[in-house]
């Protein structure tokens, strides 16, 4: 996952650096949870005050992999309008679905990679599940702004973006309340440090089943 | 008056009652103990079963919950369901809920948002935006992943299960509920074998039954129980519903803060006691049987004891009455039989002893003959049967003559032998129902049945014949004679006593008159009676001076003077007047009273003699003495006393004894006479010529005088033979130096002859009868004065 993240981060920063904006800003976000524990897999989104920039002509194709009966990465922020591939690296089939409003879909049982990647054209949170493997849980955060980043294990995310006025928010799957934190209006400079304290709910997940046997709760 | 005795005295009743009561008591106690133990057992068992059942119940509840949860989860995982929920397709949701709910037989299906708001509800009770009422369930579900709980909804109990609808994150809670109703309770009962009732208390604080397996009436009682006892809800133990006792366990199934839901699990004691019921019945039957058996057994045993006892009792009655013949035949227990045997032995012993006693009582040991008592008995029996059949009965009393002589001479052993011989001879004469008995001493009796007096005389003659031949005892050959008296029924008496007495009297008379055999004369009785009374009167007479001596003078033929007088007894009876000696002297002799009379006579005569001497009249006074007197050892001293006392010169007092009196015991007579003479008295032989004396005896008799018996004197004047006898007697006497007195001179002729023959003195009515002393003196004086009056 780190590798993907790194690649993505490089790609994004490369793109941004090749953009028209000459000055690059940086938002370094620190996301802390209960008891000062850093929060990973939090998505920090910065939306320019003037509105998000136009979408690239050719949409990007992101990957939401299924490895060892898990969604990898667990949280994947993408730009709205991107395509997402769902390769299946497992030797078992998966039936990926989501009932989330931004994208309600169901990929029938498949192995390998389904033929066409999916277009996520609405911003929002898309929760992914597998019909066969109840514990499989994945999040695709469709951001309307291209300026987003996911926190690492240390709870830190860096967003390179042109300086300006932004509204920055954080999203985490276990975020209590509406799921989104309050926005912060931030004047992004070359290095803006932001921090969030999040109150997180407990994650309710189905336990991974052993090879044979019934599912049971905690 | 009826005495009610609290305790029966009969052995049989005691045995029956005792054993009956004992068995009843034992069985009763056993039953009670068994019952108590069973009940305790049943209770304990019920408690145990209750505990076990309770665990089963709990297990069942948990399993039901688990199944329900599982089913619910399965439902909640259904993709279509999740899709419907996720897409908020409410109509679809409702039907899906209903459909899926019915799949798992849920009575209610609801969908609740994660915030607790109803999304859908099959009960349609809650309006939209209503809040799920059991937030604690949701909290638990959030923590644990699912939750179950028992809740009250709309007055009914539901087992609710909350499962998350994951898509894949929880998007809703699916709530399924199964109502707890009687069917549920019954299913629980089937598996746990416990009666279960679910109760709740509503907002009005009244308990109500949600579901139950017990009958309706008992449910009401249960409600009342809880209503009245607030602590009943917390404690479980024994409860009585509808008359049945239940072991109870109460479990709170509700969630804290919610309406109380109680699961009242009960185990009826009756059910627990059911398997014991047959045992109980069997025990009762056994008890009844054993009591009956004991009663019957004790009756039989009692009978086996009391019947022999009664038989033995009857036997003792018979023995008491004298019936020894029948042995008692008793069967039964060993002890009883042994006792009966001992009884029989005892009975035999008693019979033997009684026979022995009878034998001794009724038998004469020496001769083996029946004794007097037995004879009396037999006689009475014979008389009784004679009364019925008018056959005569005759009694002979046989008395051996001079038996004492044999005893004294030859000894008692010889005497016994003689008696035995006599007994044998008498017995040999018997025939038919005749009996010979020994009355005692030397006296026998013979009972002749069917024999009249004449025949009796002949029988007596036979007896006398039987004794004719001498009885040989050792070297001695003895002539034994008997005097026999005869008395017959009914002529001489109508009872045994009288017959015996009269026969005895006849025998006595026969003996004294030496007649051998005499039949009783009724006149004897009179005489005997007279004589009996006479005896006592005689005694009285002696004391009362009714006895007198009268004196008859003896006149000397040569001189005509009176120098001697004979004292004769006179009895002046106050009422009967003068009683002649012939009336009482023989009787006195028979009874031995003569000795007393003679002693009296001697004393009085001596006194009179002394008195006359004082008056200047010297007369020799003669007193008659009997053979008994002669044999009386005291005679000599009596005479000597009299002589000494009155100071009589020798020969002033004289004793006259008849010749036959002497001859009774001549040897002795000689001795006594010699002694008497030595003591200074004169002696005369009276009634000489009639006493069968041998002259050799006469030679030795120390007498002074012979008195010729009047039988020779009466006809002396005319009878030549008398004259010859008298003459020779006078000569004999004179030659022996004895004086001769003639008695019974009544006429002058006789007197002349006597004078001619040389008699010394005379005595008789010619001169005077016996006179009183005073009269005698007068007579003597007159004779002196006028001697011519008396012929000479």
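Some values worked out for this structure:
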quantity: Tally of residues being modelled with pLDDT of 80 or more and surrounded by 21 or more Cβ atoms within 10 Å (Cβ to Cβ) across region B:512-536; calculated: 4
quantity: Selection within region A:54-104 - closer than 13 Å to residue A:129 by Cβ and surrounded by fewer than 15 Cβ atoms within 10 Å (Cβ to Cβ); calculated: A:104
quantity: Residue match in region B:48-66 (condition: within 14 Å of chain A (Cβ to nearest Cβ) and either within 30 Å of residue B:175 (Cβ to Cβ) or touching a helix residue (DSSP H, G or I) at 6+ places or on another chain (Cβ under 8 Å) (or both)); calculated: yes
quantity: Residue ID - farthest from the chain's Cα centre (by Cα), chosen from residues in region A:175-218 that are modelled with pLDDT under 75 and away from chain B (no Cβ under 14 Å); calculated: A:212
quantity: Residues of region A:76-101 satisfying the condition of being within 13 Å of another protein chain (Cβ to nearest Cβ) and within 20 Å of the chain's Cα centre (by Cα); calculated: A:96, A:97, A:98, A:99, A:100, A:101
quantity: Within region B:175-283, helices (runs of 4 or more DSSP H) holding 2 or more residues that are in contact (Cβ under 8 Å) with a residue 60 or more places away in the chain; calculated: B:182-192, B:269-273
quantity: Condition broken by residue B:173, with the remaining ones in (1) closer than 30 Å to residue B:141 by Cα; (2) more than 14 Å from chain A (Cβ to nearest Cβ) satisfied; calculated: (2)
quantity: Considering residues of region B:140-154 that are under 18 Å from residue B:198 (Cβ atoms) and in contact with a strand residue (DSSP E or B) (Cβ under 8 Å, 6 or more places away or on another chain) only, the residue farthest from the other protein chains (Cβ to nearest Cβ); calculated: B:152
quantity: Matching entry among B:106, B:157 (being more than 14 Å from chain A (Cβ to nearest Cβ), touching a residue at least 12 places away in the same chain (Cβ under 8 Å) and assigned to a loop (DSSP other than H, G, I, E, B)); calculated: B:106
quantity: Total residues in region B:160-170, condition out of contact with any helix residue (DSSP H, G or I) (no Cβ under 6 Å at 6 or more places or on another chain) and facing another protein chain (nearest Cβ under 10 Å); calculated: 5
quantity: Options B:114, B:91; residue that is over 60 Å from the mean Cα position of the chain (by Cα) and within 14 Å of another protein chain (Cβ to nearest Cβ); calculated: B:114
quantity: Qualifying residue in region B:130-139 (condition: touching a residue at least 24 places away in the same chain (Cβ under 8 Å), outside any loop (DSSP other than H, G, I, E, B), away from chain A (no Cβ under 14 Å) and surrounded by fewer than 21 Cβ atoms within 10 Å (Cβ to Cβ)); calculated: yes
quantity: Residue among B:84, B:37, B:30, B:71 that alone is farther than 30 Å from residue B:198 by Cβ, in a helix (DSSP H, G or I) and touching a residue at least 24 places away in the same chain (Cβ under 8 Å); calculated: B:30
quantity: Strands (runs of 3 or more DSSP E) within region B:553-661 that include 3 or more residues over 20 Å from residue B:777 (Cα atoms); calculated: B:562-573, B:577-579, B:653-658
quantity: Given (1) surrounded by fewer than 19 Cβ atoms within 10 Å (Cβ to Cβ); (2) closer than 28 Å to residue B:776 by Cα; (3) touching a helix residue (DSSP H, G or I) at 6+ places or on another chain (Cβ under 7 Å), number of the condition residue B:631 does not satisfy; calculated: (2)
quantity: Unique match (being within 23 Å of residue B:401 (Cβ to Cβ) and assigned to a strand (DSSP E or B)) among B:483, B:508; calculated: B:483
quantity: Matching residues in region A:124-151 - criterion: being crowded, with 18+ Cβ neighbours inside 10 Å and in a loop (DSSP other than H, G, I, E, B); calculated: A:131, A:133, A:134, A:136, A:145, A:146, A:147, A:151
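The values are calculated or read from the model by the stated rules, or taken from the named source; none is laboratory data. What you see is a predicted model; the values in this text were computed from it and never measured. Note: ideal-geometry Cβ built from the backbone for every residue, glycine included; neighbour counts use all protein chains shown.
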